[in-house]
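First up is the structure itself, then whatever we jot down about it.
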């Protein structure tokens, strides 16, 4: 009997050692792969964590927090989480559903009586579940917080002026403002602010001591990454765009040390150290396909991963990959990126955070992790393939220009104020720096003649790039309105 027990323990020990050596080999392969890929994508800083079979098996940081400063990224450096915040908001609602304080298919107006959209039917019928699945019939309304200096409450109020883009639940268009509404439901039902609820019910139980709901809470912390943007062949530091007004959609900040605990929790089916934070029933609800995503609304990565289906859960994009179901979500603000990815069936999870605008190395690392921890080896160079794919996508052709043309009116005759009910006010003014474009005192730039009555805007914030603006005349050859971003701004007053 003792001999058999000894043999069993010996074989078991050998097996554990073999597994440990295998994981060490995979970790080394991953680290080498990332190091090589960094020379292709050139982000100032990056941080990666991987969870496999319940354990955090890899946490590594690369590069620096700010170009021109010798301050390396470490495991405690804070990065923006952006839209990966949405999964936290959905998880908070699952906790409230567990307590019987709400149901996924309750109408939003049950909790937010002042919630109102353009269409009375949509106002009446939209549910809590709809708020999380980008199927409310509304188009993208990020201009309400990105282009205007207004509060989140004011942005939600202005949603009543936004006409539907499609019928309720018939399609999918990404919608941040509805996640803000979901946060308001959390506050109404729980009696706490959204950020306090997350801290009390998620951050503290998971021991995420370096995670914060809003930028306002981290602005004075020195160990955080700065945003960077590629501009005219160089990488430059840019001001951080703050998403606090739409907090539940994308305002969180965290460290790679902390965020690994979140991935660990998700792969452990909503439990942490034996404590159930979300019931099995509602945890599964988070990851059920809720809405089919049309191919034109999904990530460009599909051209290479070739999924058979694409769906959205509650705060998670979903697709099939090598016969397995992937749950993932990116996070993006100008100069900051993140991605969270899971294959629960294989007990694999990964999170990547970085500080250079749209570094799609994040996708490459995610799929490399999936391949590596399923096969034990790297079977495809996702970094090179995605670099080629996104380089083609981002190549913008400058609009055709007709030379030696003049405008119908001299620029001095179109100076003035123009108004759009939804988008706000554009002011065209003459300054020492040239003709200035100013939208809501937020989006600003220089106007230069392109051809005829078309002008090009070169925005002050480099990540906005450039845009075309057209002045339109009436029958009296006076300026009537201007067109920009495909929208009409009617003249309020002009110099003419």
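The values are calculated or read from the model by the stated rules, or taken from the named source; none is laboratory data. Source: prediction; values computed, not measured. Methodologically, a virtual Cβ is constructed for each residue, glycine included, from the backbone with ideal geometry; neighbour enumeration extends over all protein chains shown.
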*Is at least one residue of the range 221-232 in a loop (DSSP other than H, G, I, E, B), at pLDDT below 95 and surrounded by fewer than 17 Cβ atoms within 10 Å (Cβ to Cβ)?*
yes
*asked:* I need the full set of residues from the range 429-454 which are buried (at least 17 other Cβ atoms within 10 Å of the Cβ), touching a helix residue (DSSP H, G or I) at 6+ places or on another chain (Cβ under 8 Å) and without any contact (Cβ under 8 Å) to a residue 60 or more places away in the chain, in order please.
replied: 435, 445, 447
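So that you can scan it fast, the table gives a plain yes or no per residue for (1) surrounded by 20 or more Cβ atoms within 10 Å (Cβ to Cβ); (2) out of contact with any helix residue (DSSP H, G or I) (no Cβ under 8 Å at 6 or more places or on another chain); (3) farther than 25 Å from residue 365 by Cβ; (4) at pLDDT 95 or above:
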| site | (1), (2), (3), (4) |
| --- | --- |
| 26 | yes, no, no, no |
| 42 | no, yes, no, yes |
| 58 | yes, no, no, yes |
| 66 | no, yes, no, yes |
| 81 | yes, no, no, yes |
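Kindly provide the set of residues from the range 415-428 that are in a loop (DSSP other than H, G, I, E, B) and either at pLDDT 95 or above or surrounded by fewer than 16 Cβ atoms within 10 Å (Cβ to Cβ) (or both), ordered by number.
415, 421, 422 - these are the residues of the range 415-428 that are in a loop (DSSP other than H, G, I, E, B) and either at pLDDT 95 or above or surrounded by fewer than 16 Cβ atoms within 10 Å (Cβ to Cβ) (or both).
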*Restricting the range 291-308 to residues that are touching a helix residue (DSSP H, G or I) at 6+ places or on another chain (Cβ under 7 Å) and not in a helix (DSSP H, G or I), the residue that is surrounded by the fewest Cβ atoms within 10 Å (Cβ to Cβ)*: 300
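Looking only at the range 172-202, count how many residues are out of contact with any helix residue (DSSP H, G or I) (no Cβ under 8 Å at 6 or more places or on another chain) and either over 15 Å from residue 245 (Cα atoms) or assigned to a helix (DSSP H, G or I) (or both). Even if it seems obvious, please write down each step before you answer.
Of all residues in the range 172-202, those out of contact with any helix residue (DSSP H, G or I) (no Cβ under 8 Å at 6 or more places or on another chain) come to 175, 188, 191, 196, 199-200.
Within this subset, residues satisfying the condition of being either over 15 Å from residue 245 (Cα atoms) or assigned to a helix (DSSP H, G or I) (or both) are 188, 191, 196, 199-200.
Number of matching residues: 5.
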*asked:* Which residue is farthest from the chain's Cα centre (by Cα), if the candidates are limited to the range 257-280 and must be surrounded by fewer than 20 Cβ atoms within 10 Å (Cβ to Cβ) and assigned to a loop (DSSP other than H, G, I, E, B)?
replied: 274
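So is residue 245 free of Cβ contacts under 8 Å to residues at least 12 places away in the same chain and assigned to a helix (DSSP H, G or I) or not?
On the way: free of Cβ contacts under 8 Å to residues at least 12 places away in the same chain: no; assigned to a helix (DSSP H, G or I): yes.
No; evaluated as a whole, the condition is false for this residue.
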_I'd like the full set of residues that are within 14 Å of residue 172 (Cβ to Cβ) and either in a strand (DSSP E or B) or not assigned by TED's automatic domain parsing to the domain that holds residue 242 (or both), limited to the range 309-328._
310, 311, 312, 317, 318, 319
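From the list 270, 260, pick out the single residue that is touching a strand residue (DSSP E or B) at 6+ places or on another chain (Cβ under 8 Å), touching a residue at least 12 places away in the same chain (Cβ under 8 Å) and more than 17 Å from residue 58 (Cβ to Cβ).
270 is the lone residue from the list that is touching a strand residue (DSSP E or B) at 6+ places or on another chain (Cβ under 8 Å), touching a residue at least 12 places away in the same chain (Cβ under 8 Å) and more than 17 Å from residue 58 (Cβ to Cβ).
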*For the range 114-145, which residues satisfy the criterion of being under 19 Å from the mean Cα position of the chain (by Cα), more than 24 Å from residue 92 (Cβ to Cβ) and touching a residue at least 40 places away in the same chain (Cβ under 8 Å)?*
143
*For residues in the range 42-70 being in contact (Cβ under 8 Å) with a residue 60 or more places away in the chain, assigned to a loop (DSSP other than H, G, I, E, B) and closer than 19 Å to residue 356 by Cβ, which is nearest to the chain's Cα centre (by Cα)?*
43
*Applying the selection to the range 123-151, what residues are modelled with pLDDT of 95 or more, crowded, with 16+ Cβ neighbours inside 10 Å and assigned to a helix (DSSP H, G or I)?*
123, 125, 128, 129, 130, 131
*Could we say that residue 365 is in contact with a helix residue (DSSP H, G or I) (Cβ under 8 Å, 6 or more places away or on another chain), in the same structural domain as residue 29 (by TED's automatic domain parsing) and buried (at least 24 other Cβ atoms within 10 Å of the Cβ) here?*
yes
*Inspect the range 386-399 for any residue being closer than 26 Å to residue 90 by Cα and in contact with a helix residue (DSSP H, G or I) (Cβ under 8 Å, 6 or more places away or on another chain) and give the result as yes or no.*
no
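Regarding residue 207, is this residue surrounded by 20 or more Cβ atoms within 10 Å (Cβ to Cβ) and either outside the structural domain of residue 87 (by TED's automatic domain parsing) or touching a residue at least 24 places away in the same chain (Cβ under 8 Å) (or both)?
Against the criterion (surrounded by 20 or more Cβ atoms within 10 Å (Cβ to Cβ) and either outside the structural domain of residue 87 (by TED's automatic domain parsing) or touching a residue at least 24 places away in the same chain (Cβ under 8 Å) (or both)), residue 207 does not qualify.
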